[in-house]
Amino acid sequence: MKQWPEFRQPLFVAAAALYGAYQLNRHVLQWPLPELLTSYLADTAGMPVILSVALAAQRRLVMRSRTFVLPDSWLLAAWAYASVWFEGLLPYVCATAVADPWDVVAYAVGTLAFRHWLNRPGG
């Protein structure tokens, strides 16, 4: 895993573990959790995970540079895409999807956490 430093960052590991634990609880364990966690944890933790995978792919497959960082415009586009798709369009095509403006805030928090702690040259 030395060649993938993006996936060894503490915030990435924590976000991936939290997201995985949330999904395990949601689909298997079904323990009651506070509404704040069940509503926004996955949205907040998901963005650093998704953006870290995108960063690793860009570094290795496109830019071929370990110092490449995702530009702020790409981060804004990723946040906007997630917000529009999951909170704007999906609720119209999927009966189980619900639009929640606070999810947009959760995506923003996750994106800003990625920008501040994970989007650094060299992983």
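Among residues that are surrounded by fewer than 12 Cβ atoms within 10 Å (Cβ to Cβ) and in a helix (DSSP H, G or I), Y107 is not included. Being among the charged types (D, E, K, R) and either under 15 Å from the mean Cα position of the chain (by Cα) or surrounded by fewer than 12 Cβ atoms within 10 Å (Cβ to Cβ) (or both) is the filter here, so list the residues in segment 88-104 that pass it. If the condition is that a residue be among the charged types (D, E, K, R) and either under 15 Å from the mean Cα position of the chain (by Cα) or surrounded by fewer than 12 Cβ atoms within 10 Å (Cβ to Cβ) (or both), then D103 is the only one that fits.
Residues satisfying the criterion are present in segment 69-86 (criterion: surrounded by 12 or more Cβ atoms within 10 Å (Cβ to Cβ), in a loop (DSSP other than H, G, I, E, B) and touching a residue at least 24 places away in the same chain (Cβ under 8 Å)).
Just one of the listed residues (L51, L36, L41, L29) is surrounded by fewer than 17 Cβ atoms within 10 Å (Cβ to Cβ), within 17 Å of A108 (Cβ to Cβ) and not charged (D, E, K, R), namely L36.
Bear in mind that the values in this text are calculations on the coordinates, not laboratory data. All values derive from a computational prediction rather than experimental measurement. Using ideal geometry, Cβ is built from the backbone for each residue, glycine included, and neighbour counts are taken over all protein chains shown.
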